[in-house]
1. Looking only at segment 146-169, how many residues end up being closer than 30 Å to Ile335 by Cβ and either free of Cβ contacts under 8 Å to residues at least 60 places away in the same chain or open to solvent by less than 40 Å² (accessible area, probe 1.4 Å) (or both)?
2. I need a count of the residues in segment 322-334 that are farther than 16 Å from Leu38 by Cβ and surrounded by 24 or more Cβ atoms within 10 Å (Cβ to Cβ).
3. Is it the case that some residue within segment 209-219 is outside any loop (DSSP other than H, G, I, E, B), away from the ligand (no atom under 14 Å from the Cβ), open to solvent by 30 Å² or more (accessible area, probe 1.4 Å) and touching a residue at least 12 places away in the same chain (Cβ under 8 Å)?
4. Looking for whichever is in contact (Cβ under 8 Å) with a residue 12 or more places away in the chain and on the phi > 0 side of the Ramachandran plot here; the options are Gly39, Gly74, Gly46, Gly70. Which one fits?
5. Restricting attention to segment 12-34, and to residues there that are under 20 Å from Asn45 (Cα atoms) and open to solvent by 10 Å² or more (accessible area, probe 1.4 Å), which single residue is nearest to the ligand (Cβ to nearest atom)?
6. Going by the conditions given, is Gly378 free of Cβ contacts under 8 Å to residues at least 60 places away in the same chain, more than 16 Å from the ligand (Cβ to nearest atom) and not assigned by TED's automatic domain parsing to the domain that holds Gly66?
7. Taking segment 262-274 only, how many residues are in contact with a Ser or Thr (Cβ under 7 Å, 6 or more places away or on another chain) and either open to solvent by 20 Å² or more (accessible area, probe 1.4 Å) or not assigned by TED's automatic domain parsing to the domain that holds Leu177 (or both)?
8. Tell me which residues, restricted to segment 37-76, are more than 10 Å from the ligand (Cβ to nearest atom) and farther than 21 Å from Ser360 by Cβ.
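The values are calculated or read from the model by the stated rules, or taken from the named source; none is laboratory data. The model shown is predicted, which means the values in this text are computed figures rather than measured ones. As a convention, Cβ positions derive from the backbone with ideal geometry for all residues, glycine included, and neighbour counts pool all protein chains shown. Calculation scope for accessible area: heavy atoms of the full protein, side chains included, ligands and nucleic acids excluded. Shrake-Rupley method; radii C 1.70, N 1.55, O 1.52, S 1.80 Å.
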Amino acid sequence: MAQEYDLVILGGGTGGYVAAIRASQLGLKTAIVEKGKLGGTCLHNGCIPSKALLRSAEVFATAKRGEDFGVVTGEVSVNFGKVQERKNKIIDQLHKGVQHLMKQGKIDVYEGLGRILGPSIFSPMPGTISVEMNNGDDNEMLIPKNVIIATGSRPRTLPGLEIDGDYVLSSDEALQLEALPSSIIIVGGGVIGIEWASMLSDFGVEVTVLEYADRIIPTEDKEISKEMQRLMKKKGIKLVTSAKVLPETLVKDNGVAISAEVKGGVKEFKAEKLLVSVGRQANTEGIGLNNTEIQVEKGFIVTNKFFQTKESHIYAIGDVIGGLQLAHVASHEGIVAVEHIAGNDPSPFDYNLVSRCIYSNPEVSSVGITEDHAKEKGHKVKVGKFSFRAIGKALVFGESDGFVKIIADEETNDILGVHMIGPHVTDMITEAGLAMVLDATPWEIAHTIHPHPTLSEAIGEAALAVDGKAIHS
Ligand SMILES: Cc1cc2nc3c(=O)[nH]c(=O)nc-3n(C[C@H](O)[C@H](O)[C@H](O)COP(=O)(O)OP(=O)(O)OC[C@H]3O[C@@H](n4cnc5c(N)ncnc54)[C@H](O)[C@@H]3O)c2cc1C
């Protein structure tokens, strides 16, 4: 029998399940259709498992230099089975938490593959959802007033570098490794590639990164890329930039060999495994878009600022619409979409205020625009920079590489961008985000008293440095 809903959400990842909770809070009768597991990529194949592995790698790397802290450890080794077990336990716990939240919100969860149907006996408009149930039961038919498509994304690869799960991996397979390889080539030096490079290197794996652009993490501020490059090299990671990988040269024989066009010619690289991390492609296929007027451009669903597609009662959020493919972006887009469905007149999402983080060791975080971008936009900029080397807490931690950089407009004093590299900066960026939301000036950041000793003092000092007034430099 067909069920009627105010809202049906296709996909129960971070975007979908958060949207469902907000909808339930607003009194909308809501259902989620999920073909895999609630929590989606972020919980099962992304943010959480990768951060759990990064943390184990960090503990190992710290234990190996226990002597620096006066702690005698003896020989330290990795039990990778235990590392994976710990990761899986964290995922299980959080998965149960999301399931509980669905029950608490009285959100119906349909475990199966959802597809949007065209106009039918159930509805004159496209949007009825047919669910092919995972347990083999007859298809369920859901008749919603509104739909949110939150079907997410999957790893992209390059033609010729097909994922085989053995020699050639995407992050999905890498997260399930049963043993660490002795060496790895990572194709792509963006956010995910650099997190893997840092983690595997801290675990003792020999890592080579091949990046097409002329610098790693090319979307970050140039000075951040440069510092990251220095620190990754210091770890022993081999970084090859301006490298055009030639997939047709891939040889799999007791390991992998692949060539790349690099400065000065073509060079061959060899390792036990190869990880492809060249971005993610949206899951737009097989969900019934052909039964609608919904537009797809460059592989992503097109929406307006409230996330409505060409069919105004069908919304789309998260990785499937492209842009910043981040969990906190997906969930906030979901909240805006639901508020709009409920008629609450939400403010459109300002993507310039989204914090972006890289959880490598050292970490990177940023909000707003880079120095180059600010200049391109015609701003006369003033820049304040402060190194963690002069921050007591960083020395106490034994992690004093990196800096905080604040870019402000010379005339208006507006903060245009804040960029950090160093210890725990992913936990520090929200202060900068809040400052930008509140339209604060560097002076206001500096006069927010930063307790001593904390790593956040670097933000206060960088804010003072914008006008040449840093105390400890
Ligand atoms: C290795 C890695 C690390 C990452 N680390 C971070 C990080 O640290 N921080 C961060 O912010 N972001 C991180 N991300 C990105 C983050 O995971 C995504 O931005 C986020 O998961 C997007 O959420 P979403 O809801 O749009 O899609 P997803 O989380 O991909 O969820 C989509 C869901 O839809 C389901 N689905 C698809 N089609 C159908 C269908 N037809 N019927 C029913 N169900 C369907 C899928 O099974 C899936 O569960 C990482 C990604 C990766 C790969």
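1. So the count comes out to 9.
2. So the count comes out to 1.
3. no
4. Gly39
5. Gly13
6. Spelling it out, Gly378 is indeed free of Cβ contacts under 8 Å to residues at least 60 places away in the same chain, more than 16 Å from the ligand (Cβ to nearest atom) and not assigned by TED's automatic domain parsing to the domain that holds Gly66.
7. So the count comes out to 6.
8. Result: Gly66, Glu67, Phe69, Gly70, Val71, Val72, Thr73, Gly74, Glu75.
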